[in-house]
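Data first, discussion second: the structure below is written as structure tokens.
The values are calculated or read from the model by the stated rules, or taken from the named source; none is laboratory data. Here the structure is a predicted model, which is why all the values come from computation and not from measurement. With ideal geometry, Cβ positions are generated from the backbone for all residues, glycine too; neighbour counts draw on all protein chains shown. Surface accessibility is based on the protein's heavy atoms, side chains included, excluding ligands, DNA and RNA. Shrake-Rupley method; radii C 1.70, N 1.55, O 1.52, S 1.80 Å.
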Amino acid sequence: ENGGETVNSVVFQHIIVPNIFDALVACEEGTPESVPHGNGFITLPEGVEGHLHETPCPPNYSNRQFEAFLQQGDVLATVSGHDHKNDFVVNNQGIDLVNTPGVGFSSYGDINRGARIIDLDVNDLSTYETEVIDWVDFYDAENNSTAMYTFIIHGSEYSFGEKLLAFVKLVVE
């Protein structure tokens, strides 16, 4: 049906592949946007947009899934969301490894929550576009105290006291 041509694909799965570490860069402790890994620190490659706020957490072993993607030759990207604080797109051997941030408020995370949009053109599946819409931008939380207090109340990273204070502030306003 496609004239014998390969139809490119995007893989959506919860946990990122172990090969993510091949696409990240070793760096010195204290480097902005760096996280601990093994006996050192890693960061995103230069020029890559996004955030690396926690060490990626793939399986501890390779089941050769990534190698199968390479062999198949039609995988443009893998999209994962297991690491709630990370949002980036890094390329490894021609395949984009995409991490999307946590979108909800009931699990761990930080202020960088949001939704990743994947835009595919059915007339040209050789590429795709993607962006993250941060909840802060969507709700204008920097200028909207109600949105910020709501985030604090529902965010699992806040203490009971912080949640109670935010609730009181919402009621007073």
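Observations, loosely collected:
- Test for PRO32: is it surrounded by fewer than 16 Cβ atoms within 10 Å (Cβ to Cβ), at pLDDT below 95 and not hydroxyl-bearing (Ser, Thr, Tyr): yes
- Residue that is nearest to THR100 (Cα to Cα), among those in the stretch 3-23 that are at pLDDT below 95 and surrounded by 11 or more Cβ atoms within 10 Å (Cβ to Cβ): SER9
- Only a single criterion out of (1) under 27 Å from ASP119 (Cβ atoms); (2) open to solvent by 50 Å² or more (accessible area, probe 1.4 Å); (3) part of a strand (DSSP E or B) is not satisfied by ALA26, namely (1).
- Taken together, GLN93, GLN72 contain a single residue that is open to solvent by 60 Å² or more (accessible area, probe 1.4 Å) and either in contact with a Lys or Arg (Cβ under 9 Å, 6 or more places away or on another chain) or on the phi > 0 side of the Ramachandran plot (or both), which is GLN93.
- Of residues in the stretch 103-134 being at pLDDT below 80 and in contact with a Gly (Cβ under 8 Å, 6 or more places away or on another chain), the one nearest to ASN86 (Cα to Cα): GLY109
- Any hit, the stretch 135-156, residues being touching a Gly at 6+ places or on another chain (Cβ under 7 Å) and either acidic (Asp, Glu) or under 30 Å from ASP74 (Cα atoms) (or both): no
- Scanning the stretch 104-133 for residues that are open to solvent by 50 Å² or more (accessible area, probe 1.4 Å), in a strand (DSSP E or B) and without any contact (Cβ under 8 Å) to a residue 24 or more places away in the chain, we see that the one that is nearest to TYR158 (Cα to Cα) is ILE133.
- Among the candidates ASP87, ASP74, residue that is among the charged types (D, E, K, R) and under 30 Å from PHE105 (Cβ atoms): ASP87
Residue-wise test of (1) of a type in the set (Asp, Glu); (2) assigned to a strand (DSSP E or B); (3) at pLDDT 95 or above.
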site: PRO45; (1), (2), (3): no, no, yes
site: GLU67; (1), (2), (3): yes, no, yes
site: HIS84; (1), (2), (3): no, no, no
site: VAL90; (1), (2), (3): no, yes, yes
site: PRO101; (1), (2), (3): no, no, no
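- Just one of the listed residues (TYR61, TYR158) is assigned to a loop (DSSP other than H, G, I, E, B) and surrounded by 12 or more Cβ atoms within 10 Å (Cβ to Cβ), namely TYR158.
- The single condition among (1) touching a residue at least 12 places away in the same chain (Cβ under 8 Å); (2) out of contact with any Cys (no Cβ under 9 Å at 6 or more places or on another chain) that ASP83 does not meet is (2).
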